[in-house]
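Engineer: One structure, pasted below without further comment.
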Amino acid sequence: MGFLQTTIPFPSIELGLGIAESPGDVAVTLQILLLLTILSLAPAILILMTSFTRTVIVLSFIRNALGTNQVPPNQVLIGLALFLTFFIMAPAFGTVYTDAILPYLDGELTLEKMWDIGIEPIRGFMLQHTREKDLEMFIAMRADERPQTPDDVSTLTLIPAFVISELKTAFQLGFVIFIPFLVIDMVVASTLMGMGMMMLPPVMISLPFKILLFVLVDGWHLVVRSLLMSFS
């Protein structure tokens, strides 16, 4: 009995360089290169220009305060931080999509106009959560004139000021998170010293109590609620 042999076509991909026939071909090529550049920088944009920085730092502080090492694992913390970032940034992202991306895809806006319109919701979010002290520092370092309106603030000046402000806020929240767990560690360490059990690591004894406290007060709910309220 013979076997039925069939030929399965496989697609081929060809890359090459050609001569542009019109200035429009050059413009399209440059737009594609710019789009690829933006996509390669997308992770940095997501991290530095959104709520991701504050969120992931606070979640990392929780794990360090509990002393559970790799529990929750990094993948879980980063995934939770990403979804919380999408939740917080949903109004801004929605405005960018409806006011900038859709008109550009329909041919109603040029690439430059799409960028000018699309960056405004993100700038508004960053301006809302940037301290004036940090913004003034970067403006002074660039020797720029004092901006009269928020629109006069350069985006390149706003981004580092926003990141510094987010780091300060995240560390403030982390300090508050550490306090109750630090009290438990001190109580356990003092108790062990009073009992003469100085060779027993206090962390080994305090860890179950810290986990129990965190579960009893519904810690994840409180921390996520505090994060969401800090962006409201």
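The values are calculated or read from the model by the stated rules, or taken from the named source; none is laboratory data. What you are looking at is a predicted structure, and each value in this text was computed from that prediction instead of being measured. All Cβ positions, even for glycine, are placed from backbone atoms using ideal geometry, and neighbour counts span all protein chains on display. For the accessible areas, the whole protein counts, side chains as well, though only heavy atoms, and no ligand, DNA or RNA atoms are used. Shrake-Rupley method; radii C 1.70, N 1.55, O 1.52, S 1.80 Å.
Engineer: Which one is farthest from Lys210 (Cα to Cα) among residues in the range 165-195 that are surrounded by fewer than 14 Cβ atoms within 10 Å (Cβ to Cβ) and among the polar types (S, T, N, Q)?
Structural biologist: Top of the filtered list is Gln172.
Engineer: For the range 81-96, name all the residues that are of a type in the set (S, T, N, Q) and over 13 Å from Phe52 (Cα atoms).
Structural biologist: Thr95 - this is the single residue of the range 81-96 that is of a type in the set (S, T, N, Q) and over 13 Å from Phe52 (Cα atoms).
Okay, residues lined up against (1) farther than 16 Å from Ser60 by Cα; (2) part of a helix (DSSP H, G or I); (3) modelled with pLDDT of 85 or more:
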site	(1), (2), (3)
Lys168	no, yes, yes
Thr191	yes, yes, no
Gly196	yes, no, no
Ile211	no, yes, yes
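Engineer: Continuing with the same structure: Take the range 62-91 and flag every residue that is more than 18 Å from Pro43 (Cβ to Cβ), open to solvent by less than 40 Å² (accessible area, probe 1.4 Å) and touching a residue at least 24 places away in the same chain (Cβ under 8 Å).
Structural biologist: Once the filter is applied, which keeps residues that are more than 18 Å from Pro43 (Cβ to Cβ), open to solvent by less than 40 Å² (accessible area, probe 1.4 Å) and touching a residue at least 24 places away in the same chain (Cβ under 8 Å), the range 62-91 yields Ile62, Ala65, Leu66, Gly67, Thr68.
Engineer: Something else about it: Just need a number here: residues in the range 52-67 that are under 10 Å from the mean Cα position of the chain (by Cα) and closer than 15 Å to Gly79 by Cβ.
Structural biologist: Total meeting the criteria: 3.
Engineer: Follow-up question, since we're still on this one. What number of residues within the range 139-162 satisfy the criterion of being under 24 Å from Ser51 (Cα atoms) and outside any helix (DSSP H, G or I)?
Structural biologist: Going through the range 139-162 one residue at a time, the tally reaches 3.
Engineer: State which residue pairs qualify: first residue closer than 15 Å to Asn64 by Cα and inside the range 182-209, second residue at pLDDT below 75 and surrounded by fewer than 13 Cβ atoms within 10 Å (Cβ to Cβ) in any location, beta carbons under 9 Å apart, and separation of 6 or more residues or different chains.
Structural biologist: The qualifying pairs are Asp185/Val203.
Engineer: Criterion first (at pLDDT below 70 and open to solvent by 80 Å² or more (accessible area, probe 1.4 Å)) does Ile32 satisfy it?
Structural biologist: So Ile32 fails the test.
Engineer: Could you go through the range 70-90 and let me know if any residue there is among the aliphatic types (A, V, I, L, M), assigned to a helix (DSSP H, G or I) and more than 17 Å from Ile57 (Cβ to Cβ).
Structural biologist: Yes, there is a match, as at least one residue in the range 70-90 is among the aliphatic types (A, V, I, L, M), assigned to a helix (DSSP H, G or I) and more than 17 Å from Ile57 (Cβ to Cβ).
Engineer: So Thr53 passes all but one of these: (1) β-branched (Val, Ile, Thr); (2) open to solvent by 20 Å² or more (accessible area, probe 1.4 Å); (3) part of a helix (DSSP H, G or I). Which condition number does it fail?
Structural biologist: All conditions pass for Thr53, except number (2).
Engineer: Give the range 113-138 a look and list any residue that's in a helix (DSSP H, G or I), of a type in the set (D, E, K, R) and open to solvent by 30 Å² or more (accessible area, probe 1.4 Å), or say none.
Structural biologist: Hits for the range 113-138 are Lys113, Asp116, Glu120, Glu132, Lys133, Glu136.
Engineer: Out of all the residues in the range 143-154, is one or more farther than 30 Å from Tyr97 by Cβ and open to solvent by less than 80 Å² (accessible area, probe 1.4 Å)?
Structural biologist: yes
Engineer: Quick one: in the range 97-112, of everything that is farther than 20 Å from Met49 by Cα and not aliphatic (A, V, I, L, M), which residue is least open to solvent (accessible area, probe 1.4 Å)?
Structural biologist: Pro103
Engineer: Now for a different question. Out of contact with any Leu (no Cβ under 9 Å at 6 or more places or on another chain) and at pLDDT 70 or above: is that true of Ile45 in this structure?
Structural biologist: Yes; evaluated as a whole, the condition is true for this residue.
Engineer: Do we find that Pro160 is in contact with a Lys or Arg (Cβ under 8 Å, 6 or more places away or on another chain), surrounded by fewer than 17 Cβ atoms within 10 Å (Cβ to Cβ) and in contact (Cβ under 8 Å) with a residue 12 or more places away in the chain in this structure?
Structural biologist: Here the answer is no, as Pro160 does not meet what is asked.
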